[in-house]
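What follows is a short report on a single structure.
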Amino acid sequence: MNGITATWLLTVRAFRESLKQPANELPNAFIPLFFYVVTVGAIGSVAQNAFGVADYKGFQLPVAVLQGAAGVANGAGLAMTLDIQSGYFEKLALTSTPRLAIVLGRMLADAIKAVILAGAIIVLALLYGSEFKTGIPGMAVLMAATFGFALAYSGIGVAIALKTGSPQAAQAGFIVFFPLLFLAPTFAPIEVFAAWLEAVARLNPVTYILLGMRSLVTEGWDAAALAKGGVAVLAIGAVTLTLTLLALRSRVRQ
Amino acid sequence: MLAIEATGLTKHFGPTIRAVDGIDLRVEEGQIFGFLGQNGSGKTTTVRMLATLTRPTAGTARVAGVDVLANPAEVRRRVGVALQEVGLDELQTGRELLELQGRLFGQSAREARERAAHLLEVVGLADVADRPIRGYSGGTKRRLDLACALVHGPRVVFLDEPTTGLDPVSRDAVWRYIEELNRGQGVTVFLTTQYLEEADRLADTVAIMDQGKIVAQGPPGELKASIGTDSIMLTFEAEESAARAAAVLGQFEGVQRVLTSGQEVAVYLHDGASAVAAIVRLLDEAGAPAQTLVLKQPTLDDVFLQVTGHHLDVEDARPAAPSSGRNA
Ligand SMILES: Nc1ncnc2c1ncn2[C@@H]1O[C@H](COP(=O)(O)OP(=O)(O)OP(=O)(O)O)[C@@H](O)[C@H]1O
Ligand SMILES: [Mg+2]
């Protein structure tokens, strides 16, 4: 069976799963929006004086998008463990489909969900009064970046799921990686960070993804920022995809 | 051509567990091959190796003419597998699951739809096909799982304990279905089971597994014949006629032993079936006609006992075996 068609069929299956149990997706939408509104409400009015950010709603928008994408992208790993435990993973592995398609189908579904959520967050943020400097084309770029980030990020949970088959481990893995989202200029510009945090943030690829996305919202087209963000997405993706492939190998060749 | 051929097939888990310990298999095309053994004897591990799910520690195997190590994807295209534990996604409906399975084997949307509808009909699931699998009963799930194994029309099918846990009616339905698959469509069936009567009824050839090794292999009839002795149990009107009959039967060709107990006589001999008519005639002539006559042939259980030293130990469906047979 052709790998692309198979991946797509399995993406559709994963997607249908979400439609069948929409309640599972609600927290993924609620949590980033909640933090967005609360953070803007708490810090928005002093951001200008405290660290020179005029449009804090725009400043926080990509944070909400990344947080949402990370939450959504956690789903693939968990769902994969359920497939492994139910034996359905092996049923799929017994078809003539390339086994990578079984994994990519899940990850792709999450990436698409993350893009949909990003769209919803942008619309709500605009209604809330945020600006978006690069307009519709910039929004498209932001959504594309979200797609890449979610795809790459979901690889963490999927790799752990394939390696361990345990939902707890997949969940724990997520918790270990979640801080990456906050060891970045999430609440304030990197320039105001304590020296140690700035050093950590500069090593964190999420920082560059966030800055690239933020430039689209609050500054306008900034090729350098976008390029760095793109490289960061590819770097995370390269690592997680490698881990996923290794974990897949160890699972299907035991 | 051989449908399944394995040489020295071995699977060790860690340094101590020899789940499968160097087995040789030759299964002719079009056969039902019964793979018999008790819990932990290595049946599932063997199936998983032949079905490309588990990598052998050593040995080689060809299934449907293809090497399982060299070309696992092609093996998967040619074989159908229903594992011991059903593996279903409970959120999909039976129809969705079957159609997806078909498409993942490369069928077009239309082919997959038609094939799924046909199989749902065949396994008797047409009326629940559009409900989520979550709500299916255990037996229904098992039948769906079986249908999944057949979705791409495989020439070789592995069924790992397909009837364990089924009620007698469902078990019978599965048996008839396996027979139809084999006799009607010529599909080679590799069937693992803990039920002697299942192997006896369905299998052309039986292999008995014990602790990772094949300890006996052959057609059930031959295996039973290798045990040697049939017995004929006779009862008579009176002790006196029983004694007369015993004396006569002692002279009969092929009889190994005659035991008398009151009005009953037990005769042990080779090939009882072909001797029955002659014995009845002989007793009539001797003026000691038997009132009842029961011919008992060795069962696969006797074979099992002889080659393993213990009875086949199955928790359900039969009275407990002697304690020597228990291993856990
Ligand atoms: N993944 C594994 N890791 C370690 N040991 C295993 C594994 N799979 C099977 N075993 C062991 O290998 C032996 C054979 O197991 P297997 O499942 O093949 O037996 P079986 O004949 O199918 O038993 P049953 O009738 O209970 O299904 C058992 O001792 C089992 O505990
Ligand atoms: Mg088993």
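Restricting to DSSP loop positions (anything but H, G, I, E, B) with no more than 15 other Cβ atoms inside 10 Å of their own Cβ, which trypsin sites (Lys or Arg not before Pro) remain in the range A:181-254?
Here the trypsin sites (Lys or Arg not before Pro) that fit, given the DSSP loop and packing criteria, are A:R253.
The chymotrypsin sites (Phe, Trp or Tyr not before Pro) found in the range A:166-203 that occupy coil by DSSP, while having at most 15 further C-beta atoms within 10 Å, are A:F182. Residue exposure proxy: B:H310, B:H152, ordered by other Cβ atoms within 10 angstrom of their Cβ from fewest to most, comes out as B:H310, B:H152. Each residue of the range B:296-306 was assigned a 3J(HN,Hα) from its phi angle through the Karplus curve 6.51 cos²θ - 1.76 cosθ + 1.60 (θ = phi - 60°); the sequence is 10, 9, x, 9, 4, 5, 5, 4, 4, 4, 5 Hz, with glycine and proline shown as x.
Largest first, the extents of the alpha carbon coordinates of the range B:188-245 on the three principal axes equal 54, 20, 17 Å.
Kirkwood hydrodynamic radius of chain B, from the reciprocal of the average inverse Cα-Cα distance over all distinct pairs: 22.2 Å.
Determine the shielding of peptide B:87-93 by partner chains: average, over its residues, the number of Cβ atoms on other chains within 10 angstrom of each Cβ.
Working: counts 12, 4, 11, 3, 9, 5, 0.
Neighbouring Cβ atoms belonging to other protein chains average 6 per residue here.
Report summary: the helix-based calculation at 222 nm, which adds -39500 (n - 2.57) for every DSSP H run with n ≥ 4 and divides by the residues of the protein assembly as shown, gives -17500 deg cm²/dmol. The listed peptides B:189-202, B:47-60, B:266-279, ordered by packing as a protection proxy, come out as B:189-202, B:47-60, B:266-279 (highest mean of other Cβ atoms within 10 Å first).
Looking only at other chains, what is the average number of their beta-carbon atoms within 10 angstrom of each beta-carbon in B:94-104?
Values: counts 0, 0, 2, 3, 0, 1, 8, 5, 1, 7, 15.
Mean inter-chain Cβ contacts per residue within 10 Å come to 4.
Take every Cα pair under 8 Å in chain A that's 6+ residues apart, average their separations, divide by the length, and report that relative contact order as a whole percent. For chain A, the relative contact order is 24 percent.
Given the options A:L243, A:L124, A:L104, state which has the largest fluctuation in a GNM of chain A using a 10 Å cut-off (strictly under) for Cα springs. Residue with maximal mean-square fluctuation among A:L243, A:L124, A:L104: A:L124.
The lysine pair tally for the protein assembly as shown, using Cα distances under 16 Å and a gap of 8 or more places or different chains, is 7.
Taking a Cβ cut-off of under 13 Å around A:R214, the surrounding Lys, Arg, Asp and Glu residues balance to a net charge of -1, with basic ones at +1 and acidic ones at -1.
Can you tell me the orientation of helix A:135-164 relative to chain A, as the angle in degrees between its alpha-carbon axis and the longest Cα principal axis, to the nearest 10? With both axes taken from Cα atoms, the answer is about 40 degrees.
Of the GluC sites (Glu not before Pro) in the range B:247-306, the ones in a loop by DSSP (not H, G, I, E or B) with at most 10 other beta carbons within 10 Å are B:E253.
Every read-out reported here was derived from the displayed coordinates using simple, explicitly stated rules and does not represent laboratory data. Please read all numbers here as calculations on a predicted model, not as lab measurements. We place every Cβ from the backbone using ideal geometry, glycine too, and count neighbours over all the protein chains shown.
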